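The values are calculated or read from the model by the stated rules, or taken from the named source; none is laboratory data. Everything numeric here is computed off the predicted structure, so don't read it as measured data. Cβ sites come from the backbone with ideal geometry, for glycine too, and all protein chains shown count toward neighbours. These accessible areas exclude ligands, DNA and RNA; they are computed on the full protein's heavy atoms, side chains included. Shrake-Rupley method; radii C 1.70, N 1.55, O 1.52, S 1.80 Å.
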Amino acid sequence: MTPSGSPRFRELTREECNELLARNHVGRIAFSYHDHVDIEPINFVYDDGWIYGRTGDGTKLRTLAHNRWLAFETDEVSALFDWESVVVKGALYILEPGGVRGDAHDHAIDVMRRVHPELLTPDDPAPERTVLFRIHADQVTGRAASTQG
């Protein structure tokens, strides 16, 4: 029996993980190349087993061109021992207009405009972030801690 106020830890179901991913729009991607590991925050939208995001040209894309496998994490934290966290492991796919995944590029714009209606318009607050990508949620795990009941 756990004393009142002591944290209880548990695994999240896939449904709970999907719900947490759908509720949130800020996460982190972790990636590596040789012996260098990096982690960066991103804005994202989760839709039907895919994490959609965007970035600008830079080191992250050059690194991921060599190794597209990464980990992604998002959390909801209300207190030290009251939180939920989801980790997704999968591959990153760059989406180019008219490219092999041209329909996915258009879908990414539609999905991301649910959260950022000005995405890729003259009113875009981050116009330098023109590279769209998606991450397939191959492996999804979640954990939670709670001091409630």
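Below is a table of values for the structure above.
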item: Nearest-10 value in Å² for the accessible area of Phe31, using the 1.4 Å probe; result: 10
item: Average accessible surface area per residue within the chain, 1.4 Å rolling probe, Å²; result: 58
item: Sequence of Leu132, Leu80 from largest to smallest accessible area, 1.4 Å probe; result: Leu80, Leu132
item: Karplus (6.51, -1.76, 1.60) ³J(HN,Hα), θ = phi - 60°, over the stretch 47-57, in Hz, Gly and Pro reported as x; result: 8, 6, x, 10, 9, 9, x, 8, 8, x, 4
item: Folded to 0 to 90 degrees: helix 14-23 orientation relative to the chain principal axis, Cα; result: 60
item: Overall dimensions of the chain as given by Cα atoms, namely Rg and Dmax in Å; result: 17.1, 59
item: Summed side-chain charge close to Val140 - residues other than Val140 whose Cβ falls under 12 Å, Lys, Arg +1, Asp, Glu -1; result: -3
item: Environment charge of Leu119, counting only residues whose C-beta is closer than 12 Å and scoring Lys/Arg +1, Asp/Glu -1; result: 0
item: Net charge over other residues, Cβ less than 12 angstrom from the Cβ of Glu19 (K, R count +1; D, E count -1); result: -2
item: Asp103, Asp35, ranked by accessible area, largest first (probe 1.4 Å); result: Asp35, Asp103
